[in-house]
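Right, one structure below, let's go through it.
All of the numbers you see were taken from the coordinates with simple rules; none came from a lab. If you're wondering where the values come from, they're calculated on a predicted model, not measured in any experiment. Because the Cβ atoms are built from the backbone with ideal geometry, glycine has one as well, and the counts that use them run over all protein chains shown.
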Amino acid sequence: MTDVMNHSDTEADVHDRPADARIVTGRPSTHGDSYQLNTTTLIRHSARTYPEQEIVYRTADGGWDRYTYADSYSRMQRIANVLTELGVTPGDVVGVLDWNSRRHFELYWAIPGTAAVMLQMNLRLSTEDLGFVATHSEAHTVLVDESLLGVAEALAPHAPGVRNWVVMSDRPAEEIDTSLPNVHHLEDLMAAASPEFDWPMIDEKSAYSACYTTGTTGRPKGIYYSHRGMYLHTLSQSAHLGINDTDTVMITTPMFHAQSWGLPQSAVYGAAKIVLPGRYAVEEIATLVDVMITEDVTVTNGAPAIFSPMLDHIKTLDVPPDFRRARLLSGASEPALSLMREFYEITGADIIHGYGATETTPLATSNRGVKSTIAASLSEEQRWDLKRRQGLPATGIDIRIVDADGNDLPHDGVSQGEVLLRGPWIIESYYHLDDNADRFLDGYWRSGDVGVIDENGYLKLTDRLKDIIKSGGEWISSIDMENAIVAHPRVVEAAVIGVSHPQWQERPVAFVATSDGEDIGIDEIHALLGDRFAKWQLPDTVLLVDAIPRTSVGKINKRALRDDYGDLYA
């Protein structure tokens, strides 16, 4: 007789969680639930199934080279053996100071594959903050690209817990001069290491990597991503972007922050050809465009600060590139509608507006386009306007919009409230932080963003809680105003902040940087905004600046603007 367990034979296992997040245990399955979801599975599968797939990478001299998934996987195994020989054990933290290089890509898999934690060290942080990150995370080994030895040498006194410094270079060890203590040479260690590594089956709840937030106030806060969260994030993002082995994925967003938005993992999952552009500056945007053309890049990530100069370069070409297959994932700040339209009209590329944060791994929502169920009811202009929204929630993510008291607001496209997020790759706490409670509500992470959700489920951010402008008791969205101003043909970038006002509480002040360095009259700005904003919402002051200040991750630094201009109406 078959042994069958009735539902009544098992007590419901209800954990101490919010009422809408209770976990109830039902009948046991016969699936392989003991098989852990960890990132090693992703690279093992693609390396053995698509060993011939190419990875193109920038070399130290600025040239290009290529190798295969099989070549890369072989090096990953040697690196894993090197780390073990250096005393790295499961749960240890290993830092990386590097650009978007082939070695950095290999470390994305080798470090977590040993059950250690890959610490992403943001090169845009101050030395003091980097030292805090290294110490707070208890990193004892750091791998550093030769070009960043100056950064590492400045960091070393602030990171006394680091006992191994591993230099990554194509040059032999005897040619490298550094003051770092206890220095090793990665390529020398790899040459002596075994070419095979017995990857452990890692508990999926173990930390895969650590990334520290880069806010404008306070010390960076630690986010530790699990193997399970990364695995599920990869499945969701890969499906949404439709990545497969016919694609070429260029990893443009820095790999030292938020896993380059998870694109390296998604590219590997889809067995796509990969392009690693190494180190680049905005002045070298032409290099990125050139490699997109020569390698037929179909997926990449970036911000308006990258895509805008890309478009400027493309306009100088005799023949515009054919990017009709290209999906350009855009984050950091909302891309202007004019940028998205022009990119599409000239190249055929689709800029996909996304939303997320370090705390969300980061994909939370994205706007791949108009839902087929409503497309027929919208005009072409309405479809383009819809692309301004941050999009629909990724499968598996729950989103709420709440008022100041935590009450849910209707999804009517008008009611503005704080955006709350919950899901398998959304954090439930910060690492070793005392005031976690204020940053979460009913199991949801409080984003600090203000937004609306329309009747079709699209999220639209209107501002940050700390940035939204309150004038005469009403709210004004600085984000919408900034993107409207950028549509002016002479405006390169714009920012809008609320400044204290003796009569109206706050009034909007606009800052613009122009292509010719010449001022723009306030009447021109008002005419540009007139169709979308009420007269009382229009900025009273427009100031010309050389450049808009930005944070270490490229977002507009409104705190700096408020510090400099907060007494404008005093």
How much net charge surrounds residue 419 when only other residues with a Cβ under 15 Å from its Cβ are counted (Lys, Arg +1; Asp, Glu -1)? -3
At a 10 angstrom cut-off on C-beta neighbours, averaged per residue, how do the peptides 80-91, 397-408 rank from highest to lowest? 80-91, 397-408
For the chain, what does the helix formula give at 222 nm: sum of -39500 (n - 2.57) over DSSP H segments with n ≥ 4, over the residue count, nearest 500 deg cm²/dmol? -8000 deg cm²/dmol
Relative contact order (percent) for segment 467-570, with alpha-carbon contacts under 8 angstrom and 6 or more residues of separation? 28
Stokes-Einstein D in µm²/s, Kirkwood radius over Cα pairs - segment 361-474 at 10 °C with 1.306 mPa s viscosity: 104
Expressed as a whole-number percentage, the relative contact order of the chain with C-alpha contacts under 8 angstrom and at least six residues apart is 10
For a footprinting-style exposure proxy, rank 535, 555, 460 by other Cβ within 10 Å, fewest first. 535, 555, 460
Please compute the net charge surrounding residue 332, taking Lys and Arg as +1 and Asp and Glu as -1 over other residues with Cβ under 10 Å from its Cβ. +1
Cα-based radius of gyration of segment 335-378 once divided by 2.2 N^0.38 Å, which approximates compact folds: 1.41
What fraction, in whole percent, of alpha-carbon pairs in segment 467-570 exceed 23 Å separation? 20
Which of the pairs 387/535; 273/387; 221/466; 315/466; 460/558 have their Cα atoms more than 30 Å apart in this structure? 315/466
Residue 212 neighbourhood, Cβ < 10 Å, K/R = +1, D/E = -1, net charge +1
With a 10 Å Cβ neighbour count serving as the proxy for reagent exposure, in which order, fewest first, do 425, 445 appear? 445, 425
Rank 420, 369, 354 by how far each Cα sits towards the positive end of the charge dipole of segment 314-447 (+1 on Lys, Arg Cβ; -1 on Asp, Glu Cβ) and give me just the farthest. 369
Would you calculate the convex hull of the Cα atoms in segment 37-227 and tell me its volume per residue in Å³? 119
